[in-house]
Every structure is written in structure tokens, then in C-alpha cells.
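What follows is one structure encoded as C-alpha cells, with my remarks underneath.
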Ligand SMILES: [Zn+2]
């Protein structure tokens, strides 16, 4: 069980994981694992020594609140998760500057939100898939372009909140895939008549049917993490009216 400790005096965080008291292995050497040299350490003890006599509090980490801005496999990135001391909510910013650096944790009073910044068709993937599949009666470059443009045009009015999310494995936590809705499907099929006729139309109709639920016709939504920081109220300033909490929006690219 992870334990998050906040030194209020220094405004510093320490995340106590079950691994902290285990020796850290030097991963610079590849296999065999047995030959790596453990480095003895106890980070928790060091933290408690450094902050002896300070005001401390335990924070509870909110489950399923982890988000990060880069691929899961990327070691150098910024991640966020929510934590609370029971009275106030916080966002913890977890990061490291270089690959060899230890992870650092910064406490931000406030919350974060995820905002959808774009919804797109997977243009390149659709093009490639159409070329790959239509071998018997290849579609012209122009017609493929027209199809991609048509699909992109139709989804301009689609709202992501009305779409069904696909449990597709995405390597990026801020890229989420959705199925097109029935209205979009209907418009797409109907308007395809302007581009394709006869056999071509039947082939394209089949193509749409086979890729709409889990293939290249899924829509890709890109999200952005926005951290909303509560401005720290100066304790010296005593107001007769309850101070309104001003929110500062910090944008993270
Ligand atoms: Zn301290």
C-alpha cells in the first residue's frame, strides 16, 4: 500500500512505496539479473530524518485518478493523480527531468480536468487500408481522398460526449478511440453515393461495415490535462467576507 506523506512545513511530499525499503538495483547492466549490484538505501528514513519535528499529514491517493501526458512506456514524463487530506483536495504532479533521475512529487492545491481538444478521422490509416484492401478493383487516389474528406467533414458536428468509447489499447493515455454513431454512419453511407457507384459502392459499403467498430474508421479524440490550481490565500489577510477561491488555469501542453 502506497503512503503519501506531506511535510506541511516545507511543502514537500514523500511517496512511501513497498519498494522504498528494498535495495535499488542498478539497471544499467542488462541481464543476467543476478549479477546486478543492489544499492542499500532507505529513502523513507532519510525523509523522516530531514523533516524531524515538522508538521506532517498523511494524504490519501484517489484510486483511478492517474493521468499522464505521454506514452505509458515513456520514462521521462509528467503524470498527475489526485490526493486528499480529508478536508482539501490536491493534485500531485509526478515527474523526473532526466531518465536517471529519481521521481519527484509536487503538491498542487486544486484539481485537474481532461478536455477534448480535437476529434479526428484517422486519415493516413484509412488511406493505407483502402489501398491494401481494394486490390481487385483499386480505387483512384482522388476517390480515396474524397472519402477521407467526406468522413472528416461529417464528423465536424459530432460531439465526443455522445460517442461510445472503444476499449482499444492506446499507447498514449490522452488519445482515446470512439465508434462513429448511427447518424454519422447513415450520412457517410448516403454521401458515398456521390463518390462511388455500382460495384465500387458495394465494396466501400463493406469496407465501412468491417472497420467502423474496431478498425481504421474509429474516431480519435485527443485530450489535454488542465490543472486548476486554487490560489493560496495569504493567511495574514483577514477578510470579513468569505474569500472567493480564485481559480488559476495552468495549461499543460
Ligand atoms: Zn519538512
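The values are calculated or read from the model by the stated rules, or taken from the named source; none is laboratory data. Computed from a prediction, not measured in an experiment: that's the story for all the values here. Cβ atoms come from the backbone with ideal geometry, glycine included; neighbour counts cover every protein chain shown.
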_Out of 139, 150, 185, sole residue that is under 25 Å from residue 201 (Cβ atoms) and in a loop (DSSP other than H, G, I, E, B)_ = 139
*From the list 84, 115, pick out the single residue that is modelled with pLDDT of 95 or more, more than 16 Å from the ligand (Cβ to nearest atom) and in contact with a strand residue (DSSP E or B) (Cβ under 6 Å, 6 or more places away or on another chain).*
84
*Within the stretch 41-60, track down each residue that is within 14 Å of the ligand (Cβ to nearest atom), surrounded by 12 or more Cβ atoms within 10 Å (Cβ to Cβ) and farther than 11 Å from residue 16 by Cβ.*
46, 50, 51, 54, 56, 57
